[in-house]
Amino acid sequence: MGRHAVLIIGGGSIGERHLRCFLSTGRAEAGLCEPSAQVRSALTERYGLRRAYAGLEEALADAAAGFDCAVVAAPTHLHVPIALDVISRGLHVLIEKPLSTTMQRVDKLAQAVAETGKVAAVAYVYRAHPAVAAMRKALAAGDLGRPLEVLACAGQPFPTLRPAYAGTYYADRKQGGGAIQDALTHVVNTAECFVGPTDRVMADAAHLAVPGVDVEDTVHVVARHGPVLATYALNQHQYPNETVITVVCERGAARLEFHAHRWLTSREPCGPWRVEQSFELQRDDLFVAQASAFLDAIEGRAEPLCSLADAVATLRANLAILRAAEQPAWVPTASIPEATR
């Protein structure tokens with residue numbers, strides 16, 4: 001269907017990754033919207049961009065650019081208003097995760113998507129992992145029986161992997177910072193794609209080790225996904241970089257080892273784990289796959305990897321976990337208001 005013209009909104013580390021990976025698909029040309037002249041100049045030179053803008057209005061008003069889609073990689077609290085602006089101009093949109101830091105105007109975004117027919121997807125990149133897709137398909141097929149429980153454990157040396165974190169959004173919950181909105185949200189979204197949306201949560205969270213910030217770097221959650229019980233444990237200071245999600249079923253269990261790029265099953269009482277599939281992947285591969293999947297969606301060839309509705313469910317879980325971390329009680333996700341106008 002020809003090459004797409006994609007506007008990357010935000011030139012930070014994730015914006016640059018989207019820029020690089022959309023170009024790597026061979027299916028898109030890219031422009032950049034980034035207020036920092038220094039960042040804008042560096043990325044323009046590095047990727048040979050023909051179009052770069054200091055402001056969103058300037059970018060969206062450039063009819064000659066012919067943008068048909070955009071990636072919102074601005075700070076999280078700006079995602080929804082920018083996405084609304086983009087969709088109102090007739091563009092499809094891929095929004096970085098999480099969708100927002102509040103429910104404010106999320107209903108308006110859903111309404112705009114429904115009225116315009118534009119594709120709105122959210123960049124929960126774990127869903128682009130072939131092991132996630134394969135395990136999800138196997139669970140849906142019911143070979144292991146009904147899911148009963150989710151056990152998720154994740155951790156990484158965040159300061160080593162993201163050394164500039166203290167000067168970014170991460171230091172401020174209001175901008176989407178902290179372990180719950182930055183990292184745990186990926187794990188919860190993946191579990192939700194396996195067993196359905198979160199209904200209620202209890203949580204404990206604390207800042208234990210990551211220097212230079214005071215947002216939580218460690219979080220433990222007990223949750224319900226309908227009849228499925230779940231526990232999540234995540235930190236951003238341990239030396240091993242590991243993410244493991246186990247779904248315990250009636251007749252066995254399935255396990256995702258994200259860091260090892262594989263999924264496994266156990267099908268006999270006291271039996272061993274058996275590797276079902278493993279994959280050789282570099283980090284950019286998932287983002288290239290995500291970009292290709294988004295382009296497939298706007299061409300009508302596939303559904304979005306993570307729909308707006310899926311991302312709204314995870315946003316409710318995020319907000320419920322944040323609330324539960326401040327109060328020792330169950331917090332139903334349904335208690336998160338539809339919108340704050």
Within region 93-116, the residues that are in a helix (DSSP H, G or I) and not basic (Lys, Arg) are Val106, Asp107, Leu109, Ala110, Gln111, Ala112, Val113, Ala114, Glu115, Thr116
Q.
Just checking, does region 40-55 include any residue being of a type outside the set (A, V, I, L, M, F, W, C), more than 25 Å from Gly117 (Cβ to Cβ) and under 17 Å from the mean Cα position of the chain (by Cα)?
A. no
| Could we say that Ala154 is at pLDDT 95 or above, of a type outside the set (S, T, N, Q) and closer than 20 Å to Pro227 by Cα here? | no
All-but-one check, Arg50 against (1) over 29 Å from Val312 (Cα atoms); (2) without any contact (Cβ under 8 Å) to a residue 24 or more places away in the chain; (3) in a helix (DSSP H, G or I), failing number (3)
Exception for Met202 within (1) part of a strand (DSSP E or B); (2) crowded, with 18+ Cβ neighbours inside 10 Å; (3) out of contact with any Pro (no Cβ under 9 Å at 6 or more places or on another chain) falls at (3)
Residues of region 173-216 being under 18 Å from the mean Cα position of the chain (by Cα) and either acidic (Asp, Glu) or on the phi > 0 side of the Ramachandran plot (or both), in sequence order, are Gly176, Gly178, Asp182, Glu192, Gly196
A careful count of residues in region 60-77 that are aliphatic (A, V, I, L, M), within 24 Å of Ala293 (Cα to Cα) and out of contact with any His (no Cβ under 6 Å at 6 or more places or on another chain) gives 4
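Yes or no, residue by residue, for (1) surrounded by fewer than 17 Cβ atoms within 10 Å (Cβ to Cβ); (2) under 19 Å from the mean Cα position of the chain (by Cα); (3) of a type in the set (D, E, K, R); (4) not assigned by TED's automatic domain parsing to the domain that holds Val188:
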| residue | (1), (2), (3), (4) |
| --- | --- |
| Lys97 | no, yes, yes, yes |
| Ser100 | no, yes, no, yes |
| Lys108 | yes, no, yes, yes |
| Val119 | no, yes, no, yes |
| Val132 | no, yes, no, no |
| Met135 | no, yes, no, no |
| Leu139 | no, no, no, no |
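The values are calculated or read from the model by the stated rules, or taken from the named source; none is laboratory data. Everything numeric here is computed off the predicted structure, so don't read it as measured data. When we count neighbours, we look across all protein chains shown, and the Cβ atoms used for this are built from the backbone with ideal geometry, even at glycine.
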